1. Quick check: is even one residue across region 230-241 more than 20 Å from Pro123 (Cα to Cα) and in contact with a helix residue (DSSP H, G or I) (Cβ under 8 Å, 6 or more places away or on another chain)?
2. Within region 155-179, can you find the residues that are in contact with a helix residue (DSSP H, G or I) (Cβ under 6 Å, 6 or more places away or on another chain), among the hydrophobic types (A, V, I, L, M, F, W, C) and not in a loop (DSSP other than H, G, I, E, B)?
3. Scan region 235-254 and tell me whether some residue there is touching a Ser or Thr at 6+ places or on another chain (Cβ under 9 Å), over 25 Å from His206 (Cα atoms) and not in a helix (DSSP H, G or I).
4. Could you please tell me which pairs satisfy a Cβ distance under 9 Å, a separation of 6+ or placement on different chains, a first residue in region 290-317 that is on the phi > 0 side of the Ramachandran plot, and a second residue that is surrounded by 21 or more Cβ atoms within 10 Å (Cβ to Cβ) and among the basic types (Lys, Arg)?
5. Among all residue pairs at least 6 apart or on different chains, which show Cβ distances below 7 Å where the first residue, located in region 149-171, is at negative phi and the second is of a type in the set (Lys, Arg) and surrounded by fewer than 24 Cβ atoms within 10 Å (Cβ to Cβ)?
6. On the phi > 0 side of the Ramachandran plot and either open to solvent by less than 50 Å² (accessible area, probe 1.4 Å) or not in a helix (DSSP H, G or I) (or both), is that true of Thr132?
7. Checking Lys219 against (1) over 15 Å from the mean Cα position of the chain (by Cα); (2) loosely packed, with under 15 Cβ neighbours inside 10 Å: exactly one of these is not met. Which one?
8. Can you name every residue in region 151-171 that is open to solvent by 20 Å² or more (accessible area, probe 1.4 Å) and in contact with a strand residue (DSSP E or B) (Cβ under 7 Å, 6 or more places away or on another chain)?
Amino acid sequence: AEGGKELRGGLLDVHELGVLRLTGGGVRGGSYDFNLSPVPRPVPGDVDLSNEMPAHRPREACANCGKQGSDTVKLKSCTACRLVKYCGVDCQRAHRKQHKKACKQRAAELKDEQLYGQGLDRPEGDFCPICTLPIPLPMDDHSSFESCCVTRVCDGCALAAQKRGMFDCAFCRTPLPTNDADRLAMLQARVEKKDPEGIYQLGGKHCHGGLGLQKDLQKAVELWTEAAELGSVGAHFNLGLAYYQGDGFQVDKAKGIQFWEKAAMKGHAKSRYNLGILEGDYDRAVRHFLISAKMGDKESVEEIKQFFMNGEATKEQYKEALKGYQDALEETKSHDRDEAKRLGYKGGEDCL
């Protein structure tokens, strides 16, 4: 891959249930230079108003014919840009050529406002339900997944529970399963209750052939699609991998990126990182990496560091990334977690 960059996750190596490692490289691309010139002040008599709405028309009027909205005339906004309204489909079609450029520009602005303005915090599933602290990234290195309640518990809380003599699930107190059949039964029980996390995790087992199931990527994608519709952030991420990489599944990179965008706007750090790797504009890539760095993603900090060394990011941006990363790490610390790390403890019944 250009620059040796790789996307996070992938379909060929089992890393964790539903979180996959991509074996192909990502493209970082080049940058774009913009020469900004002062906007000249309009000179009376030189302004062309031929494409503008006449000044006497009210704002709540059809952009094409000028018909005012009323109880009988219902105006509908352009769904792409929300800049103008129309009294009907005919007027919208008639005005399309004139409106197309402004519409496209505003639609792109609105998309960026959502893409970079949402998902600045990690999702609820990234927090241990016992100590309520965010789990350090990558989460599978610092927590375990409990199939009984489809909940991820940090190693610190699992260790603390065992020190108090509790050897069942640290969260729901259910006795831990001792074999794959029991784990699968617990997981399927959550799936029957339409638990999005349970459906997402079962999809991962079908993908990798875990818990005695045969590998079936098509079935995995079906389950992830259902989980995504129910709100699973991880399912959005894995659908992005499935469509972008394929591996026996129909490749649709544009669709894969759309799933990563949805996941990123829900606070998924790996999806945000992948968007940064694929972004061809350095400024936009840095914006992605800054967000994921502030969530505690170390690789995003390394990307911004490399950008800074190459003159593609500023010193202030690198400092911002470092500080954000350190602040995120501080938020994950606790005495119990430090002790678990010191002892090399890995607790709980891990379904992964």
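The values are calculated or read from the model by the stated rules, or taken from the named source; none is laboratory data. Note that the coordinates shown come from a computational prediction; the quantities given were computed from them, not determined experimentally. Every residue, glycine as well, gets a Cβ built from its backbone with ideal geometry; the counts of neighbours run over all protein chains shown. Just the protein is used for accessible areas: all its heavy atoms, side chains included, with ligands, DNA and RNA removed. Shrake-Rupley method; radii C 1.70, N 1.55, O 1.52, S 1.80 Å.
1. No, region 230-241 contains no residue that is more than 20 Å from Pro123 (Cα to Cα) and in contact with a helix residue (DSSP H, G or I) (Cβ under 8 Å, 6 or more places away or on another chain).
2. Those that are in contact with a helix residue (DSSP H, G or I) (Cβ under 6 Å, 6 or more places away or on another chain), among the hydrophobic types (A, V, I, L, M, F, W, C) and not in a loop (DSSP other than H, G, I, E, B): Leu159, Ala160.
3. Scanning region 235-254, I find no residue that is touching a Ser or Thr at 6+ places or on another chain (Cβ under 9 Å), over 25 Å from His206 (Cα atoms) and not in a helix (DSSP H, G or I), so the answer is no.
4. Gly296/Arg122
5. Every condition considered, the pairs that remain are Asp155/Lys346.
6. Spelling it out, Thr132 is indeed on the phi > 0 side of the Ramachandran plot and either open to solvent by less than 50 Å² (accessible area, probe 1.4 Å) or not in a helix (DSSP H, G or I) (or both).
7. Here Lys219 meets the rest and fails (2).
8. Arg152, Phe171 - these are the residues of region 151-171 that are open to solvent by 20 Å² or more (accessible area, probe 1.4 Å) and in contact with a strand residue (DSSP E or B) (Cβ under 7 Å, 6 or more places away or on another chain).
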